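I'd like to ask some things about the structure below.
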Amino acid sequence: SQQGCDPFAQTQRSKLQHRRARINQQINKEMRMRAGAENLFRATSNHKVKETVALELSYVNSNLQLLKEELEELNSSVDVYQNDSESISVPMIPLGLKETKELDLLVPLKDLISEHYGEEGILFEKEIKEFMELRQAMRTPSRNEAGLELLMEYYNQLYFLDSRFFPPTKSLGVFFHWYDSLTGVPSHQRALAFEKGSVLFNIGALHTQIGARQDRASLPGLNQAIDAFQKAAGAFNYLKENFSNAPSLDMSAASLNMLVRLMVAQVQECVFEKMTLLCAQHDFLARLQLAQEAARVEDVYSLVHQTMTQAHVKDYVPFSWTTMVHVKSEHFKALSHYFAAIALCDCPVASDTELPEHEKAFIQFHVTMPEGPSLRILLQDPEERRKLGKAHLKKAIMKHEEAMRIHGLCKILRKMDILQEVLSFAHKRSLSKYSEIDHEEDFFETGDAPDIHPKTHQKPEIKSPNFSQVKVTDLFHRLGPLSVFSAKNKWYPARRLSCAVGAGWTPTLPVGCASTGLGPVGWKPSRFCAAAFMSSNMCIFSLPPQEAGLKEGDYIISVNGKDCKWSKHAEVVQLLKSTGEEGVEIGVITLQSSEGPKAVEKKTAAMSSGSGLLKSNKENSRKSLMNSKSASTLLVWSKKSKRSKKSTYGVPFT
């Protein structure tokens with residue numbers, strides 16, 4: 001089985017995760033104390049007791065505030081997740097993983113196997129322990145492809161757990177405990193959907209950490225960062241669309257919407273960085289394109305900042321995140337004006353052949369056309385170009401200063417040297433260019449440069465999770481084909497039927513069954529024939545009807561004590577043929593839902609049309625679940641769940 005990281009390995013990131021776990025536990029303790037104190041405050045009529053409890057509540061609330069601030073500082077430690085490269089890159093915002101409590105499923109699953117499946121629970125201890133080890137490992141995934149595969153494997157395995165052990169009418173009686181990624185507030189629910197959603201959140205969070213650690217000074221590093229942030233956006237978007245009423249704030253629609261927008265903005269920033277690596281140094285059109293890319297980055301970060309300052313999100317998002325996003329929107333606006341100035345002042349004036357192309361690009365460059373001479377004169381007159389370039393630089397410097405002012409308001413960001421360095425470098429570069437093009441004899445007043453029209457050559461994609469990329473095997477396949485042996489099906493206790501061979505009965509395989517795998521439609525059974533249907537061994541016909549007691553719609557589960565739940569039609573017939581004079585003992589079950597011959601006739605008809613094959617052979621084969629069709633069965637979580645009891649901290653997550 002796959003392994004998680006060593007939870008005791010003292011890397012910077014794991015130290016951070018340990019601190020997160022410790023703060024989560026303290027928050028949990030304080031919240032319980034607060035709940036107890038509030039109950040006592042409501043229940044008592046004694047004034048002295050009320051005063052004491054009120055004092056206790058103020059202590060608890062103050063402790064919670066301190067813990068919240070400590071956690072916010074932790075969530076702002078973005079530098080730990082960045083790469084160790086010498087080059088200076090603007091830091092990205094990654095997310096910490098959600099923490100969960102250990103879960104002991106040994107007794108509940110053994111009990112359900114005994115009660116529902118009629119098997120001895122103790123015989124499945126190995127499979128249950130393997131599942132629990134997989135859950136334990138996915139709590140500490142490594143920050144690479146292997147870590148993502150581990151989370152995906154566990155997520156896919158939850159499909160089988162749901163189908164096998166979560167009946168629609170009964171609760172398994174276990175609670176899934178998870179802590180909020182940003183506030184540390186604990187939530188718990190019985191619904192498996194909460195477990196699925198939390199694992200999916202961590203898949204998104206791990207993608208953000210992988211994206212943040214790439215060396216963005218190189219093209220391969222940038223492409224990997226773009227891919228990681230697009231996949232993170234996809235995971236959060238998928239969660240938003242398929243879950244509702246999450247018990248923790250990090251998985252609420254408003255928070256997920258904010259996270260999707262943040263990831264898209266980080267992708268757009270990487271696209272800009274990619275353009276700066278690829279663009280020719282003194283090419284007019286390339287510089288215009290860079291300015292428009294920067295304006296596009298400013299645009300998306302402004303949208304993220306707007307989302308972060310909305311009522312439902314404002315008090316929840318770390319202040320350092322909101323500030324960094326605000327800083328980036330101002331910083332990239334400054335860069336858009338800086339590159340506009342560079343295009344006008346540093347690039348050679350267009351030749352007659354280049355002029356039409358330059359005109360076409362420049363006419364769509366500004367949001368509103370700049371005042372002054374016509375476009376053609378502007379592009380061909382170096383002095384007019386310098387004037388407009390100077391206006392753009394003036395605006396760039398103002399925006400750089402605004403970015404530095406906002407940065408200075410947040411004490412956590414003030415400690416982040418790398419961001420300070422980037423802002424300071426960009427500011428100095430604009431000042432230097434301004435003094436270079438500023439002439440002493442300039443008596444004209446520098447006008448107000450219009451803003452640059454945002455445009456990108458690479459639009460960010462929201463890449464939904466590809467569940468089929470990690471193939472998994474049903475750990476509990478020994479229970480039998482899922483189409484029959486699942487939590488939603490009920491059957492009567494298994495029967496043992498004895499059949500003597502002395503009646504001149506010879507089991508045979510009906511014509512056409514072996515080659516097509518379809519049922520013997522139109523074939524008239526005689527008392528000399530037996531038919532068991534494919535891997536589910538559903539009997540379409542009786543085996544000799546007068547003697548064996550085998551009914552239509554029965555499932556053969558064993559022949560002479562040999563388990564044949566997974567055996568194919570031909571294999572069962574072969575087993576029946578190989579019986580000696582002592583006869584044959586057949587183990588049989590009857591589904592409570594199948595109502596005798598009519599149900600079977602309908603099933604047979606469906607199978608003959610090729611549409612039915614018992615919920616597709618993929619589900620009946622013990623191999624992988626994950627092809628594109630069957631993966632979709634994982635995704636149906638939004639159904640109302642009768643078993644979801646109200647969680648202590650929120651409404652049912654269904």
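Give me the number: length gained by fully extending MET33 to MET369, i.e. 0.36 nm times residue separation minus the C-alpha to C-alpha distance, one decimal in nm. Mind showing how you got there, number by number?
Details: separation 336, 0.36 × 336 = 120.96 nm, distance 6.32 nm.
Working it through step by step, the gained length comes to 114.6 nm.
Further question on the same structure: Considering only Cα-Cα distances, which of the following residue pairs are longer than 21 Å: LYS274/LYS411; LYS488/LYS568; LYS395/LYS433; LYS328/LYS415; LYS170/LYS562; LYS68/LYS98?
Working: LYS274/LYS411 31 Å; LYS488/LYS568 24 Å; LYS395/LYS433 13 Å; LYS328/LYS415 17 Å; LYS170/LYS562 32 Å; LYS68/LYS98 15 Å.
Long pairs (Cα-Cα over 21 Å): LYS274/LYS411; LYS488/LYS568; LYS170/LYS562.
What does the accessible area of THR52 come to, in Å² to the nearest 10, when a probe of 1.4 Å is used?
90
Relative contact order of region 232-335, please, whole-number percent, based on alpha carbon pairs below 8 angstrom and at least 6 residues apart.
Normalised by residue count, the contact order of region 232-335 is 25 percent.
Another question, if that's okay. So if I average 1/r over every pair of distinct C-alpha atoms in region 22-69 and take the inverse, what Kirkwood radius in Å does that give? Walk me through the intermediate numbers first.
Details: mean 1/r = 0.0902 Å⁻¹.
Result for region 22-69, one decimal place: 11.1 Å.
Looking at the square roots a ≥ b ≥ c of the eigenvalues of the Cα gyration tensor of region 240-359, which shape do they give, rounded for a/c under 1.5, prolate if a/b is larger than b/c, or oblate?
prolate
Mind ranking ASP352, ASP381 by accessible surface for me, highest first, 1.4 Å probe?
Largest accessible area first, the list is ASP352, ASP381.
Expressed as a rounded percentage, what relative contact order does region 99-437 have, with Cα pairs under 8 Å and six or more residues apart?
11
Let me know the Rg and Dmax you get for region 99-437 when you use only its Cα atoms, in Å.
Cα-based Rg and Dmax for region 99-437 come out at 26.5, 90 Å.
Additional query: For region 99-437, report the accessible area per residue in Å² (1.4 Å probe, heavy atoms, rounded to an integer).
37
In whole angstrom, how far apart do the alpha carbon centroids of region 179-243 and region 346-372 sit?
First find each Cα centre; the distance between them is then 43 Å.
Which of the trypsin sites (Lys or Arg not before Pro) across region 84-175 are loop residues per DSSP, with 12 or fewer other Cβ within 10 Å?
Qualifying residues, ordered by number: none.
For labels at GLU119 and ARG22 in the simple 7 Å Cα→Cβ model, what's the distance in nm?
4.4
The values are calculated or read from the model by the stated rules, or taken from the named source; none is laboratory data. These figures come from a predicted structure and were not determined experimentally. Cβ atoms come from the backbone with ideal geometry, glycine included; neighbour counts cover every protein chain shown. Just the protein is used for accessible areas: all its heavy atoms, side chains included, with ligands, DNA and RNA removed. Shrake-Rupley method; radii C 1.70, N 1.55, O 1.52, S 1.80 Å.
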